[in-house]
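Report on the structure given below.
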Amino acid sequence: MKATGILKIAALVMPLILSSCASKKKAVVENKPLTTEQLATKGFISKVQENALSQKFITSKVKFSVEVGAQKLTLTGNLKMKRDDCIRLQLMAFGFVEAGRIELTPDYVLIMDRINKQYLKAPYVQVDFMRNNGLNFNTMQALFWNELSKPAKYSINKDAMPADTAQYTMIESGDDMVINFEAGKMLYSWLANRANGQIRMANMLYKDKLNNTTSQLNWDYQDFEMVNNKLFPTKSQITFTVPNKEVKLGMTLNYIKHDSEWETRTEVSNKYREVTIDEILNRFMSL
């Protein structure tokens, strides 16, 4: 509601009144007991979250494959991750030459073509394919770490379900549970084992009502192994579907460790030329 020039005093007082009412309403909601269904959902969410690795670092050798239509590319490389700070994929050509690097931080995306000395470095909102598909550092980290995305802070409060936190819902599916969360244009879904809460699949559906299009990212986790007393997937099959195109990715991890002796930020030499995302991807596919 917009204030008019006539009611200047009301314009100053009204926000305070509304804020006070909102606070009271929120307090009432927070003190409302949870339903049986909400308690069951929160209990299972807790079980899923208990599977998260406690380590701050994950490093591994990786075999990486990309398939776009008739084009196929297979590379080896390294995966280095620091929780809440960096996800880095180093892609090797011929087994020993770094051909490319993909680095995700909370602030930017960096994609480097080391062979042709080209790069792209930009905030997520400036990278079309990430902005247009609802992807950011938090969602990508959850996918790489085999965890639930946290679009909003989820409170594990045994007495109440805060109104301003994420509202997850569940559906039974055989031996699994389907967890859903919808926020704006995004629909997040996870398939988790009912017995142990292990996430076996994640799906993100992005709906662009303005252009009447949808995009979908499906991440299938396979070959779980024990990593410091927690199961962690060593193989991922990823399918990214956008209008008129489907990209299939495969990632297999070997020799998982927790090395911390590496720089989490890559400095780009002034010898590199800044290019578009399409130019870099075309270069990678031609290796």
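Numerical summary
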read-out: Any hit, the stretch 51-60, residues being of a type in the set (S, T, N, Q), assigned to a strand (DSSP E or B) and under 27 Å from Met226 (Cα atoms); value: yes
read-out: Tally, over the stretch 163-187, of residues that are surrounded by 15 or more Cβ atoms within 10 Å (Cβ to Cβ) and at pLDDT below 90; value: 9
read-out: Single residue of Ser46, Ser65, Ser60 found to be farther than 26 Å from Val247 by Cβ, among the hydroxyl-bearing types (Ser, Thr, Tyr) and open to solvent by less than 60 Å² (accessible area, probe 1.4 Å); value: Ser46
read-out: Meets criteria (at pLDDT 85 or above and small (Gly, Ala, Ser)) for Ala160; value: no
read-out: Close pairs (6 angstrom Cβ cut-off, 6 or more residues apart or separate chains): farther than 17 Å from Lys82 by Cβ in the stretch 127-156, surrounded by fewer than 18 Cβ atoms within 10 Å (Cβ to Cβ) and modelled with pLDDT under 70 anywhere; value: Ala152/Thr165; Lys153/Thr165; Tyr154/Thr165; Ser155/Pro162; Ser155/Thr165
read-out: Hits in the stretch 217-271 (condition: under 23 Å from Gln49 (Cα atoms), more than 19 Å from the chain's Cα centre (by Cα) and of a type in the set (Gly, Ala, Ser)); value: none
read-out: 2 or more residues under 19 Å from Gln90 (Cβ atoms), at pLDDT 95 or above and open to solvent by less than 80 Å² (accessible area, probe 1.4 Å): qualifying strands (runs of 3 or more DSSP E) within the stretch 189-287; value: 230-242, 245-257
read-out: Filter result (among the charged types (D, E, K, R) and either open to solvent by less than 10 Å² (accessible area, probe 1.4 Å) or in a loop (DSSP other than H, G, I, E, B) (or both)) within the stretch 89-122; value: Glu103, Asp107, Asp113, Arg114, Lys117
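The values are calculated or read from the model by the stated rules, or taken from the named source; none is laboratory data. Because the structure is a prediction, the values reported are computed rather than measured. Here the Cβ is made from the backbone with ideal geometry for all residues, glycine too, and neighbour counts use every protein chain on show. Note: accessible area is taken over every heavy atom of the protein model, side chains too, but ligands, DNA and RNA are not part of it. Shrake-Rupley method; radii C 1.70, N 1.55, O 1.52, S 1.80 Å.
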